[in-house]
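Quick notes on the structure that follows.
The values are calculated or read from the model by the stated rules, or taken from the named source; none is laboratory data. Only a predicted model underlies this, so the values are computations on that prediction, with no experimental measurement involved. Here the Cβ positions follow ideal geometry from the backbone for every residue, glycine too, while neighbour counts run over all protein chains shown. SASA here: full protein model, heavy atoms, side chains in, ligands and nucleic acids out. Shrake-Rupley method; radii C 1.70, N 1.55, O 1.52, S 1.80 Å.
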Number of protein chains: 2
Amino acid sequence: MLEAEGVLQVSSQELGDRFHLSPSQIRRDLANFGGFGVRGVGYDVASLADRLHRVLRLDALHRLIVVGMGNLGTALSSYLGFNDLSFEVVAGVDSDPDLIGQEIAGVLVEPFSELASVARRSQADIGVLTVPAEAAAGAFEALVGAGLRAVLNFAPVMLEERSGVRVKNVDLRIHLEELAAHLGGAEIGRPPPEVSSE
Amino acid sequence: MLEAEGVLQVSSQELGDRFHLSPSQIRRDLANFGGFGVRGVGYDVASLADRLHRVLRLDALHRLIVVGMGNLGTALSSYLGFNDLSFEVVAGVDSDPDLIGQEIAGVLVEPFSELASVARRSQADIGVLTVPAEAAAGAFEALVGAGLRAVLNFAPVMLEERSGVRVKNVDLRIHLEELAAHLGGAEIGRPPPEVSSE
(Lines give C-alpha, C1' and ligand atoms only; values in the text may rest on other atoms or scores of the structure.)
Protein backbone atom coordinates (compact mmCIF):
# COMPACT_ATOMS: atom_id res chain seq x y z
CA MET A 1 0.00 0.00 0.00
CA LEU A 2 2.80 2.40 0.86
CA GLU A 3 4.51 1.66 -2.45
CA ALA A 4 1.26 2.38 -4.27
CA GLU A 5 1.02 5.67 -2.39
CA GLY A 6 4.52 6.61 -3.56
CA VAL A 7 5.99 6.52 -0.05
CA LEU A 8 9.71 5.76 -0.15
CA GLN A 9 10.63 5.64 3.56
CA VAL A 10 8.56 4.68 6.58
CA SER A 11 9.34 4.90 10.28
CA SER A 12 8.54 2.25 12.88
CA GLN A 13 6.19 4.84 14.43
CA GLU A 14 4.17 5.11 11.20
CA LEU A 15 4.12 1.33 10.75
CA GLY A 16 3.06 0.90 14.37
CA ASP A 17 0.18 3.34 13.92
CA ARG A 18 -1.14 1.30 10.99
CA PHE A 19 -1.10 -1.97 12.92
CA HIS A 20 -2.01 -0.62 16.36
CA LEU A 21 1.38 -1.80 17.66
CA SER A 22 4.13 0.11 19.42
CA PRO A 23 7.12 1.28 17.35
CA SER A 24 9.42 -0.82 19.52
CA GLN A 25 7.32 -3.94 18.81
CA ILE A 26 7.59 -3.24 15.07
CA ARG A 27 11.36 -2.84 15.35
CA ARG A 28 11.77 -5.99 17.45
CA ASP A 29 9.62 -8.08 15.11
CA LEU A 30 11.38 -6.94 11.96
CA ALA A 31 14.79 -7.34 13.57
CA ASN A 32 14.05 -11.08 13.82
CA PHE A 33 14.57 -11.26 10.09
CA GLY A 34 17.71 -9.19 10.01
CA GLY A 35 18.37 -5.49 10.59
CA PHE A 36 16.91 -3.73 7.59
CA GLY A 37 15.94 -0.44 9.18
CA VAL A 38 18.23 2.57 9.56
CA ARG A 39 18.20 4.40 12.88
CA GLY A 40 16.61 7.84 12.59
CA VAL A 41 15.56 7.18 8.98
CA GLY A 42 13.33 4.13 9.16
CA TYR A 43 12.75 1.54 6.50
CA ASP A 44 13.12 1.75 2.75
CA VAL A 45 9.62 0.78 1.61
CA ALA A 46 10.58 -1.10 -1.56
CA SER A 47 13.27 -3.23 0.05
CA LEU A 48 11.13 -3.86 3.16
CA ALA A 49 8.24 -5.07 1.00
CA ASP A 50 10.56 -7.24 -1.07
CA ARG A 51 12.19 -8.71 2.00
CA LEU A 52 8.88 -9.47 3.74
CA HIS A 53 7.56 -11.11 0.58
CA ARG A 54 10.53 -13.43 0.62
CA VAL A 55 10.31 -14.10 4.37
CA LEU A 56 6.63 -15.02 3.98
CA ARG A 57 7.41 -17.03 0.83
CA LEU A 58 5.00 -14.90 -1.13
CA ASP A 59 7.57 -14.57 -3.90
CA ALA A 60 6.56 -18.07 -4.97
CA LEU A 61 3.18 -18.83 -6.52
CA HIS A 62 1.16 -21.22 -4.38
CA ARG A 63 -1.24 -23.51 -6.15
CA LEU A 64 -4.56 -24.27 -4.46
CA ILE A 65 -6.85 -27.22 -4.94
CA VAL A 66 -10.37 -26.52 -3.67
CA VAL A 67 -12.36 -29.48 -2.36
CA GLY A 68 -16.02 -28.50 -2.55
CA MET A 69 -16.91 -26.13 -5.38
CA GLY A 70 -20.15 -24.89 -3.83
CA ASN A 71 -20.73 -21.26 -2.96
CA LEU A 72 -17.77 -20.91 -0.62
CA GLY A 73 -15.38 -22.67 -3.00
CA THR A 74 -16.65 -20.49 -5.82
CA ALA A 75 -16.30 -17.34 -3.71
CA LEU A 76 -12.71 -18.19 -2.88
CA SER A 77 -11.85 -19.02 -6.48
CA SER A 78 -13.32 -15.71 -7.67
CA TYR A 79 -11.56 -13.79 -4.94
CA LEU A 80 -8.15 -15.23 -5.84
CA GLY A 81 -8.95 -15.41 -9.53
CA PHE A 82 -7.38 -12.22 -10.71
CA ASN A 83 -4.47 -10.06 -9.82
CA ASP A 84 -3.01 -12.37 -7.21
CA LEU A 85 0.66 -13.12 -7.66
CA SER A 86 0.94 -15.44 -4.66
CA PHE A 87 -2.10 -17.70 -4.77
CA GLU A 88 -3.93 -19.32 -7.65
CA VAL A 89 -6.72 -21.88 -7.61
CA VAL A 90 -5.41 -24.48 -10.05
CA ALA A 91 -8.01 -27.20 -9.52
CA GLY A 92 -11.38 -27.88 -7.96
CA VAL A 93 -13.10 -31.14 -7.10
CA ASP A 94 -16.62 -31.97 -5.96
CA SER A 95 -18.75 -35.07 -5.59
CA ASP A 96 -21.90 -33.44 -7.03
CA PRO A 97 -22.52 -34.81 -10.56
CA ASP A 98 -24.26 -31.52 -11.47
CA LEU A 99 -21.05 -29.57 -10.81
CA ILE A 100 -18.51 -32.00 -12.28
CA GLY A 101 -17.44 -30.88 -15.73
CA GLN A 102 -18.55 -27.29 -15.21
CA GLU A 103 -16.13 -24.40 -15.25
CA ILE A 104 -16.72 -22.23 -12.18
CA ALA A 105 -14.83 -18.97 -11.68
CA GLY A 106 -12.30 -20.18 -14.23
CA VAL A 107 -11.81 -23.56 -12.54
CA LEU A 108 -12.87 -26.87 -14.11
CA VAL A 109 -14.67 -29.00 -11.52
CA GLU A 110 -13.36 -32.58 -11.51
CA PRO A 111 -14.64 -35.60 -9.58
CA PHE A 112 -13.70 -35.85 -5.90
CA SER A 113 -12.84 -39.52 -6.53
CA GLU A 114 -9.96 -38.36 -8.73
CA LEU A 115 -8.52 -35.95 -6.18
CA ALA A 116 -5.12 -37.64 -6.00
CA SER A 117 -4.45 -37.51 -9.73
CA VAL A 118 -5.92 -34.00 -10.06
CA ALA A 119 -3.69 -32.75 -7.25
CA ARG A 120 -0.62 -34.36 -8.80
CA ARG A 121 -1.31 -33.11 -12.32
CA SER A 122 -2.07 -29.57 -11.15
CA GLN A 123 0.93 -29.53 -8.78
CA ALA A 124 -1.26 -28.10 -6.03
CA ASP A 125 0.56 -27.39 -2.75
CA ILE A 126 -2.32 -26.07 -0.61
CA GLY A 127 -5.64 -27.85 -0.15
CA VAL A 128 -8.76 -25.87 0.72
CA LEU A 129 -11.70 -27.66 2.32
CA THR A 130 -15.06 -26.03 1.63
CA VAL A 131 -17.20 -29.09 2.25
CA PRO A 132 -19.98 -29.75 4.77
CA ALA A 133 -18.96 -30.86 8.27
CA GLU A 134 -19.78 -34.51 7.69
CA ALA A 135 -17.50 -34.67 4.63
CA ALA A 136 -14.53 -32.88 6.17
CA ALA A 137 -12.65 -35.78 7.77
CA GLY A 138 -12.78 -37.91 4.63
CA ALA A 139 -11.78 -35.03 2.38
CA PHE A 140 -8.88 -34.19 4.70
CA GLU A 141 -7.61 -37.78 4.53
CA ALA A 142 -7.84 -37.65 0.76
CA LEU A 143 -5.78 -34.44 0.64
CA VAL A 144 -3.12 -35.84 2.97
CA GLY A 145 -3.10 -39.07 0.97
CA ALA A 146 -2.55 -37.02 -2.18
CA GLY A 147 0.57 -35.54 -0.61
CA LEU A 148 -0.70 -32.07 0.34
CA ARG A 149 1.27 -30.54 3.24
CA ALA A 150 -0.94 -27.52 3.94
CA VAL A 151 -4.70 -27.47 4.40
CA LEU A 152 -7.07 -24.55 4.95
CA ASN A 153 -10.27 -25.92 6.46
CA PHE A 154 -13.54 -23.97 6.35
CA ALA A 155 -15.71 -26.90 7.42
CA PRO A 156 -17.05 -26.42 10.96
CA VAL A 157 -14.98 -29.31 12.28
CA MET A 158 -11.65 -29.04 14.08
CA LEU A 159 -9.11 -31.04 12.09
CA GLU A 160 -5.95 -32.04 13.92
CA GLU A 161 -2.54 -31.30 12.49
CA ARG A 162 -0.28 -34.23 11.94
CA SER A 163 3.39 -34.65 11.28
CA GLY A 164 4.41 -32.66 8.23
CA VAL A 165 0.90 -31.37 7.51
CA ARG A 166 -0.07 -27.86 8.58
CA VAL A 167 -3.78 -27.23 9.13
CA LYS A 168 -5.54 -23.88 9.53
CA ASN A 169 -9.10 -24.28 10.81
CA VAL A 170 -11.23 -21.25 10.01
CA ASP A 171 -14.56 -21.27 11.80
CA LEU A 172 -16.70 -18.44 10.46
CA ARG A 173 -19.18 -18.88 13.29
CA ILE A 174 -16.66 -18.01 15.98
CA HIS A 175 -16.47 -14.44 14.69
CA LEU A 176 -20.23 -14.15 14.98
CA GLU A 177 -20.02 -15.44 18.55
CA GLU A 178 -17.49 -12.74 19.43
CA LEU A 179 -19.80 -10.08 18.02
CA ALA A 180 -22.77 -11.57 19.86
CA ALA A 181 -20.90 -11.38 23.16
CA HIS A 182 -20.24 -7.69 22.47
CA LEU A 183 -23.88 -6.98 21.68
CA GLY A 184 -25.10 -8.78 24.73
CA GLY A 185 -23.41 -6.45 27.16
CA ALA A 186 -20.37 -6.55 29.32
CA GLU A 187 -20.62 -9.87 31.13
CA ILE A 188 -17.41 -11.12 29.51
CA GLY A 189 -14.35 -9.76 31.20
CA ARG A 190 -16.38 -8.54 34.12
CA PRO A 191 -15.27 -10.19 37.36
CA PRO A 192 -17.77 -12.56 38.96
CA PRO A 193 -20.10 -10.91 41.46
CA GLU A 194 -18.46 -10.74 44.86
CA VAL A 195 -20.20 -12.22 47.83
CA SER A 196 -20.92 -9.42 50.22
CA SER A 197 -19.20 -9.80 53.55
CA GLU A 198 -22.01 -8.08 55.38
CA MET B 1 -20.58 -32.14 21.71
CA LEU B 2 -20.12 -33.72 25.14
CA GLU B 3 -23.87 -33.50 25.75
CA ALA B 4 -24.52 -35.24 22.44
CA GLU B 5 -22.05 -37.96 23.46
CA GLY B 6 -23.99 -38.48 26.70
CA VAL B 7 -21.13 -37.28 28.91
CA LEU B 8 -22.44 -35.90 32.20
CA GLN B 9 -19.26 -34.71 33.93
CA VAL B 10 -16.01 -33.41 32.50
CA SER B 11 -12.73 -32.55 34.18
CA SER B 12 -10.56 -29.53 33.44
CA GLN B 13 -7.95 -32.03 32.24
CA GLU B 14 -10.32 -33.46 29.62
CA LEU B 15 -11.44 -30.00 28.55
CA GLY B 16 -7.82 -28.87 28.32
CA ASP B 17 -6.95 -31.82 26.09
CA ARG B 18 -9.69 -30.84 23.67
CA PHE B 19 -8.52 -27.25 23.38
CA HIS B 20 -4.77 -27.85 23.70
CA LEU B 21 -4.77 -25.79 26.90
CA SER B 22 -3.55 -26.66 30.36
CA PRO B 23 -6.14 -27.76 32.95
CA SER B 24 -5.19 -24.80 35.13
CA GLN B 25 -5.82 -22.39 32.23
CA ILE B 26 -9.27 -23.93 31.75
CA ARG B 27 -10.03 -23.57 35.46
CA ARG B 28 -8.78 -19.98 35.57
CA ASP B 29 -10.74 -18.96 32.47
CA LEU B 30 -13.97 -20.53 33.64
CA ALA B 31 -13.52 -19.13 37.14
CA ASN B 32 -13.80 -15.64 35.59
CA PHE B 33 -17.50 -16.29 35.14
CA GLY B 34 -18.10 -17.73 38.57
CA GLY B 35 -17.08 -20.97 40.22
CA PHE B 36 -19.10 -23.66 38.53
CA GLY B 37 -16.67 -26.55 38.83
CA VAL B 38 -16.40 -28.92 41.79
CA ARG B 39 -12.93 -29.85 43.01
CA GLY B 40 -12.08 -33.48 42.25
CA VAL B 41 -15.30 -33.92 40.26
CA GLY B 42 -15.08 -31.39 37.47
CA TYR B 43 -17.90 -29.68 35.64
CA ASP B 44 -21.47 -30.74 35.14
CA VAL B 45 -21.70 -30.75 31.34
CA ALA B 46 -25.31 -29.57 31.02
CA SER B 47 -24.99 -26.67 33.41
CA LEU B 48 -21.57 -25.68 32.01
CA ALA B 49 -22.99 -25.58 28.47
CA ASP B 50 -26.01 -23.62 29.63
CA ARG B 51 -23.90 -21.15 31.57
CA LEU B 52 -21.46 -20.61 28.68
CA HIS B 53 -24.34 -20.06 26.29
CA ARG B 54 -25.61 -17.31 28.52
CA VAL B 55 -22.16 -15.78 29.05
CA LEU B 56 -21.63 -15.68 25.28
CA ARG B 57 -25.18 -14.40 24.75
CA LEU B 58 -25.91 -17.35 22.51
CA ASP B 59 -29.20 -17.86 24.33
CA ALA B 60 -30.55 -14.96 22.28
CA LEU B 61 -31.17 -15.22 18.55
CA HIS B 62 -29.01 -12.78 16.60
CA ARG B 63 -30.36 -11.45 13.35
CA LEU B 64 -27.95 -10.92 10.48
CA ILE B 65 -28.27 -8.64 7.49
CA VAL B 66 -25.91 -9.65 4.68
CA VAL B 67 -24.64 -6.88 2.42
CA GLY B 68 -23.55 -8.52 -0.83
CA MET B 69 -25.49 -11.63 -1.79
CA GLY B 70 -22.85 -13.01 -4.14
CA ASN B 71 -21.18 -16.36 -3.57
CA LEU B 72 -19.81 -15.60 -0.13
CA GLY B 73 -23.07 -14.07 1.09
CA THR B 74 -24.94 -17.06 -0.27
CA ALA B 75 -22.49 -19.49 1.35
CA LEU B 76 -22.93 -17.81 4.72
CA SER B 77 -26.72 -17.75 4.41
CA SER B 78 -26.78 -21.45 3.54
CA TYR B 79 -24.39 -22.29 6.35
CA LEU B 80 -26.53 -20.54 8.95
CA GLY B 81 -29.76 -21.40 7.22
CA PHE B 82 -30.75 -24.46 9.19
CA ASN B 83 -30.40 -25.73 12.67
CA ASP B 84 -28.79 -22.66 14.12
CA LEU B 85 -30.46 -21.36 17.26
CA SER B 86 -28.13 -18.39 17.72
CA PHE B 87 -27.75 -16.81 14.29
CA GLU B 88 -30.20 -16.29 11.48
CA VAL B 89 -29.82 -14.36 8.24
CA VAL B 90 -32.97 -12.25 8.23
CA ALA B 91 -32.21 -10.03 5.28
CA GLY B 92 -29.87 -9.59 2.33
CA VAL B 93 -29.17 -6.60 0.14
CA ASP B 94 -27.21 -6.16 -3.08
CA SER B 95 -26.80 -3.52 -5.74
CA ASP B 96 -26.90 -6.00 -8.65
CA PRO B 97 -30.28 -5.67 -10.44
CA ASP B 98 -30.01 -9.34 -11.50
CA LEU B 99 -29.98 -10.44 -7.85
CA ILE B 100 -32.57 -8.02 -6.43
CA GLY B 101 -35.91 -9.74 -6.02
CA GLN B 102 -34.43 -13.23 -6.05
CA GLU B 103 -34.65 -15.56 -3.09
CA ILE B 104 -31.20 -16.98 -2.34
CA ALA B 105 -30.70 -19.59 0.36
CA GLY B 106 -34.05 -18.61 1.80
CA VAL B 107 -33.24 -14.90 1.85
CA LEU B 108 -35.02 -12.33 -0.35
CA VAL B 109 -32.44 -10.00 -1.90
CA GLU B 110 -33.48 -6.36 -1.55
CA PRO B 111 -31.84 -3.22 -3.01
CA PHE B 112 -28.73 -1.92 -1.28
CA SER B 113 -30.23 1.56 -1.52
CA GLU B 114 -32.96 0.46 0.91
CA LEU B 115 -30.54 -0.95 3.49
CA ALA B 116 -31.69 1.33 6.31
CA SER B 117 -35.37 0.41 6.03
CA VAL B 118 -34.60 -3.27 5.42
CA ALA B 119 -32.39 -3.38 8.53
CA ARG B 120 -35.05 -1.66 10.63
CA ARG B 121 -37.91 -3.83 9.40
CA SER B 122 -35.93 -7.07 9.85
CA GLN B 123 -34.59 -5.99 13.26
CA ALA B 124 -31.09 -7.06 12.25
CA ASP B 125 -28.44 -6.61 14.94
CA ILE B 126 -25.34 -7.86 13.10
CA GLY B 127 -24.26 -6.66 9.66
CA VAL B 128 -22.15 -8.91 7.44
CA LEU B 129 -20.11 -7.34 4.64
CA THR B 130 -19.45 -9.67 1.72
CA VAL B 131 -18.81 -6.99 -0.87
CA PRO B 132 -15.73 -6.25 -3.01
CA ALA B 133 -12.95 -4.17 -1.45
CA GLU B 134 -13.92 -0.97 -3.24
CA ALA B 135 -17.50 -1.15 -1.91
CA ALA B 136 -16.61 -1.94 1.69
CA ALA B 137 -16.20 1.55 3.15
CA GLY B 138 -19.51 2.79 1.72
CA ALA B 139 -21.37 -0.31 2.80
CA PHE B 140 -19.92 -0.03 6.30
CA GLU B 141 -21.11 3.59 6.57
CA ALA B 142 -24.55 2.49 5.44
CA LEU B 143 -24.67 -0.21 8.14
CA VAL B 144 -23.55 2.16 10.86
CA GLY B 145 -26.02 4.75 9.60
CA ALA B 146 -28.76 2.14 9.82
CA GLY B 147 -27.93 1.66 13.50
CA LEU B 148 -26.03 -1.63 13.41
CA ARG B 149 -23.63 -2.01 16.32
CA ALA B 150 -21.75 -5.11 15.18
CA VAL B 151 -20.20 -5.75 11.78
CA LEU B 152 -18.44 -8.82 10.41
CA ASN B 153 -16.33 -7.72 7.45
CA PHE B 154 -15.10 -10.20 4.83
CA ALA B 155 -14.00 -7.55 2.35
CA PRO B 156 -10.19 -7.39 2.10
CA VAL B 157 -10.10 -3.93 3.66
CA MET B 158 -9.36 -3.16 7.30
CA LEU B 159 -12.35 -1.26 8.69
CA GLU B 160 -11.73 0.72 11.86
CA GLU B 161 -13.95 0.28 14.87
CA ARG B 162 -15.70 3.35 16.14
CA SER B 163 -17.47 4.25 19.32
CA GLY B 164 -20.27 1.80 20.01
CA VAL B 165 -19.67 -0.25 16.85
CA ARG B 166 -17.74 -3.49 17.06
CA VAL B 167 -16.00 -4.64 13.87
CA LYS B 168 -14.47 -8.04 13.13
CA ASN B 169 -12.30 -8.01 10.03
CA VAL B 170 -11.85 -11.48 8.56
CA ASP B 171 -9.19 -11.64 5.89
CA LEU B 172 -9.27 -15.06 4.26
CA ARG B 173 -5.97 -14.40 2.51
CA ILE B 174 -4.04 -14.11 5.75
CA HIS B 175 -4.65 -17.80 6.49
CA LEU B 176 -3.20 -18.70 3.11
CA GLU B 177 -0.17 -16.56 3.86
CA GLU B 178 0.41 -18.45 7.11
CA LEU B 179 0.25 -21.75 5.26
CA ALA B 180 2.59 -20.44 2.57
CA ALA B 181 5.17 -19.48 5.18
CA HIS B 182 4.99 -23.03 6.54
CA LEU B 183 5.47 -24.57 3.11
CA GLY B 184 8.39 -22.33 2.29
CA GLY B 185 10.56 -23.64 5.08
CA ALA B 186 11.64 -22.49 8.47
CA GLU B 187 12.83 -18.92 7.93
CA ILE B 188 10.08 -17.55 10.15
CA GLY B 189 10.89 -17.92 13.80
CA ARG B 190 14.49 -18.76 13.04
CA PRO B 191 16.89 -16.26 14.60
CA PRO B 192 18.82 -14.05 12.17
CA PRO B 193 22.19 -15.46 11.11
CA GLU B 194 24.84 -14.59 13.67
CA VAL B 195 27.92 -12.77 12.57
CA SER B 196 30.85 -15.02 13.25
CA SER B 197 33.35 -13.56 15.69
CA GLU B 198 36.27 -15.18 13.93
**Prompt:** Considering only the stretch A:47-137, what is the antiparallel percent among its DSSP beta bridges, to the nearest 5?
**Reply:** 15
**Message:** I'd like to check one number: the per residue accessible area of the protein assembly as shown, probe 1.4 Å, reported in Å² as a whole number.
**Reply:** 55
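Select from chain B the helices, each a whole stretch of DSSP H, whose alpha-carbon atoms run 18 Å or more along the helix axis and whose Kyte-Doolittle mean is at least 1.0; answer none if there are none.
B:133-145
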**Message:** What whole-number volume per residue, in cubic angstrom, does the convex hull of the C-alpha atoms of chain A give?
**Reply:** 215
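Other chains' Cβ within 10 Å of A:71-79 residues: what's the mean?
Other-chain Cβ atoms within 10 Å of each residue's Cβ, averaged: 6.
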**Asked** What nm distances, shortest first, do you get from the label point of residue A:108 to those in the other copies when the point sits 7 angstrom along Cα to Cβ?
**Response** 4.3
**Request:** Quick one: compute a quarter of the convex hull surface over the Cα atoms of the protein assembly as shown and quote it in nm².
**Result:** 26.8
**Item:** Proximal charge balance of residue A:173 [Cβ under 13 Å; K/R count +1, D/E count -1]
**Value:** -4
**Asked** Mind listing which chymotrypsin sites (Phe, Trp or Tyr not before Pro) in the stretch A:1-103 are in a DSSP loop and have 12 or fewer other Cβ atoms within 10 Å?
**Response** A:82
**Item:** Selection of trypsin sites (Lys or Arg not before Pro), the stretch B:11-118, meeting DSSP coil and at most 12 other Cβ within 10 Å
**Value:** B:39
**Asked** To the nearest 100 Å², how much accessible surface do chains B and A cover up together, summed over both, with a 1.4 Å probe?
**Response** 5000
**Request:** Only bridges with both residues in the protein assembly as shown count here: give the DSSP antiparallel percent, nearest 5.
**Result:** 25
**Prompt:** Quick one: with all protein chains in place, what share of the accessible area of the stretch B:41-140 is carbon or sulfur, to the nearest percent (1.4 Å probe)?
**Reply:** 53
**Fill in**
Scaled by the rule-of-thumb 2.2 N^0.38 Å, the alpha carbon Rg for the stretch B:103-167 gives a ratio of 1.08
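Would you tally the net charge around residue A:153, using a Cβ to Cβ cut-off of less than 12 Å, leaving residue A:153 out, and scoring K and R as +1, D and E as -1?
Charge balance in the 12 Å sphere: -1.
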**Request:** Before anything else, pin down the relative contact order of the stretch A:1-144: Cα pairs under 8 Å, at least 6 apart, normalised by residue count, whole percent.
**Result:** 20
**Request:** Could you order B:47, B:163, B:12 by accessible surface area, starting with the largest, using a probe radius of 1.4 Å?
**Result:** B:163, B:47, B:12
**Request:** Place the label 7 angstrom along Cα→C-beta at residue B:9 and in each other copy, then list the distances from the first to the rest in nm, shortest first.
**Result:** 6.8
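Return the calculated 222 nm mean residue ellipticity for chain B, to the nearest 500 deg cm²/dmol, obtained by summing -39500 (n - 2.57) across DSSP H runs with n ≥ 4 and dividing by the residue count.
-10500 deg cm²/dmol
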